[in-house]
Amino acid sequence: MMTSANAVAKRVLLEICVESPAGAVAAIAGGCDRIELCSALALGGLTPSAGLVEAVLAVARPAGVPVHAMVRPRPGGFDYDADDLAVARAEALALVAAGVQGLVFGATDRGGLAVAAMREWIAALGPARPMLTLHRAIDVVDDPVAAVEDAAALGFDIVLTSGGAPDAVAGAATIARMVAHARGRCTIMAGAGVTPSNAAALLAATGAHALHGSASVAAAPGGPDRLGFGPSPRRTDPISVKGLRQVIDDKSNLRQV
């Protein structure tokens, strides 16, 4: 048997992305290790408002669950101009001041990561910066595996990726290569389309030590969207979170044998 210290080191972490206080409550009830907080998940996640951050921290802090907040100043791609980056810096500083434990960010440039822009963004946080996740901007670069090198050199603690594919199952082989390339310098977290039914196979195929998902279901139908402002938000499902938690714990126990 492995020692208890090694068992802790091998435990797979579960992050659930939410966009509401109710989502945070459901994620915590289901057994998540960490919350990624966004607004507008239907658009891939944007920077959450100050009020949303305050409300979710009020739920997560008593439960001891860290909150990592998205920094994404606008929908669309990740090739940001100077104005976008200035907003992203201001948002990051405000989120840190509000008390989040981590930030989620990414920027691209001509098929690669925008290394210089991200270095300046990180530097603006100062020496007491929180944990940093490079989000799925890495999935739109020409070579996600090589981009892990830039992520590690910049100081990102976590890289969220689907392996450059529409979902993590389709990108599993690339995710495995990213895990190998990281060599423990940052955590490669598999995300996109992760469900209780595919999580075990995904962990086996990739060797990832973290999974990310929304664990969401369609919300109850609301009123008609007469102004064309988009669909109603989905609802975080604690049963789906529990299913992921069970798969992860079963897989972690096997790794400890």
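The values are calculated or read from the model by the stated rules, or taken from the named source; none is laboratory data. None of these values were measured; they are calculated from a predicted model. As a convention, Cβ positions derive from the backbone with ideal geometry for all residues, glycine included, and neighbour counts pool all protein chains shown.
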Only unsatisfied item for Ser197, checking (1) part of a loop (DSSP other than H, G, I, E, B); (2) surrounded by 15 or more Cβ atoms within 10 Å (Cβ to Cβ); (3) of a type in the set (Ser, Thr, Tyr), is (2)
How many residues, within region 200-238, are free of Cβ contacts under 8 Å to residues at least 60 places away in the same chain, in a loop (DSSP other than H, G, I, E, B) and in contact with a helix residue (DSSP H, G or I) (Cβ under 8 Å, 6 or more places away or on another chain)? 1
Tell me, which residue of region 148-189 that is under 18 Å from Glu36 (Cα atoms) and touching a Lys or Arg at 6+ places or on another chain (Cβ under 8 Å) is surrounded by the fewest Cβ atoms within 10 Å (Cβ to Cβ)? Ser162
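Confirm whether Asp109 is surrounded by 15 or more Cβ atoms within 10 Å (Cβ to Cβ), more than 18 Å from Thr236 (Cβ to Cβ) and either modelled with pLDDT of 95 or more or out of contact with any strand residue (DSSP E or B) (no Cβ under 6 Å at 6 or more places or on another chain) (or both).
Working: surrounded by 15 or more Cβ atoms within 10 Å (Cβ to Cβ): yes; more than 18 Å from Thr236 (Cβ to Cβ): yes; either modelled with pLDDT of 95 or more or out of contact with any strand residue (DSSP E or B) (no Cβ under 6 Å at 6 or more places or on another chain) (or both): yes.
The answer is yes for Asp109.
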Considering only residues that are touching a Leu at 6+ places or on another chain (Cβ under 7 Å) and among the small types (Gly, Ala, Ser), which ones fall in region 138-159? Ala147, Ala151, Gly155
Could you list all residues from region 55-91 that are part of a helix (DSSP H, G or I), of a type in the set (A, V, I, L, M, F, W, C) and out of contact with any Phe, Trp or Tyr (no Cβ under 7 Å at 6 or more places or on another chain)? Ala55, Val56, Leu57, Ala58, Val59, Ala60, Ala63, Ala82, Ala86, Val87, Ala90
